[in-house]
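Written below as structure tokens is the structure these notes are about.
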Amino acid sequence: MPALRSASRHIGAETIQRVNAELATRRRQFKKTQLRWRVSRGAKRSLGWVPFKAAQLKRRGRSLRFAGKAFRVFEQDKLEGGGCRCGCFAQDCLGDWWLCVPIERSLAPRLATHEEVGLDLGLKDTVATSDGERLEAGHFYRDIEQQIARAQRRGHPRQAKRLHRTAARRRKDALHKFSTRMVDQYQRIFVGDVSSAKLIKTRMAKSVLDAGWGMLKTQLQYKGQQAGRSVLIVNERNTTRACSSCGSLTGPAGLDRLDVRIWVCSGCGRCPPSVSGNESSLIVAPPSPASSRCEAWDRALAAAA
């Protein structure tokens, strides 16, 4: 009890209440009274986490104050006109602490400039769209793989962790910019259901993890939900053979025909516009059960028409 009183004077009773509420939530979630939660010792210890309520955070000029200490804030303009209910201090793998404050802001729905687009996920190009746009593979980990290996051989684990963090930040930044551009431009977005979990068991594991397909799908789904877009995960079966105009399976089949990029459909006599394979076919492919769609926005558009 004396230790609890001492801690409450430094971080506040609200923080202790937030921690207790989180523990109670996890107990109900896993249906256990005792959890291996927030481990403080050992190689697999939990990273630091100090939650707080908005009332504990005070703004003083260009900085924020918590428990009598001032903290600099990046992107201060985003604090204007928005409110927050809670936040936290989070520790990363290098031991650096970051102040995280979610800001609540109202977003007005915006109409997209284009109707639909198909996204084909790959390794040479992380994404190829049906409109011809491409997101080239960044090789975020591959470019610094040798530097990481040298740091590990010299016995510098902190330097290796720093390089890993740099690669992760570069990957997230590139995917955020691409997903935001897709959501702003297109009303319906079709993404192939390629499985990263299966491909990481092959020799392509490093390249698959470096591409960040799962992260891109997650970003498209939650950004599409916020903007009122339809994001569909479609089945990629036979999309390399299907004609994007009529849907007939008249394209080249077999491993020995994978090098064929341009072909003429025997059903409609047209040449599929996508030279990379199946981006346009994804638009007419059936949706996967894992797809997510904003039905309310579709009904609003239909009512407005």
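Computed quantities for the displayed model
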read-out: Above-threshold pairs, the threshold being 31 Å between Cα atoms, out of Lys44/Lys78; Lys32/Lys172; Lys161/Lys198; value: Lys44/Lys78; Lys32/Lys172
read-out: Förster-model FRET efficiency, 25 Å R0, Glu116 and Ala168, C-beta, rounded to 0.05; value: 0.20
read-out: Packing-based order for 229-235, 143-149, 169-175, using average beta carbon neighbours within 10 Å, highest first; value: 229-235, 169-175, 143-149
read-out: Label point distance in nm, Val73-Gln159, each placed 7 Å from Cα along Cα→Cβ; value: 3.7 nm
read-out: Potential lengthening between Thr202 and Asp92 on full extension [0.36 nm per residue; Cα-Cα distance subtracted]; value: 36.6 nm
read-out: Gyration tensor (Cα) of segment 2-100, equivalent ellipsoid semi-axes in angstrom; value: 27, 16, 15
read-out: Mean Cβ neighbour count within 10 Å, used as a protection proxy, ranking 203-216, 38-51, 153-166 highest first; value: 203-216, 153-166, 38-51
read-out: Protection-proxy order for peptides 71-79, 16-24, each taking the mean of Cβ atoms within 10 Å per residue, highest first; value: 16-24, 71-79
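Taken together, the values in this text are just the output of simple stated rules run on the coordinates, not laboratory data. For clarity, every value in this text was computed on a predicted model and none was experimentally measured. Cβ sites come from the backbone with ideal geometry, for glycine too, and all protein chains shown count toward neighbours.
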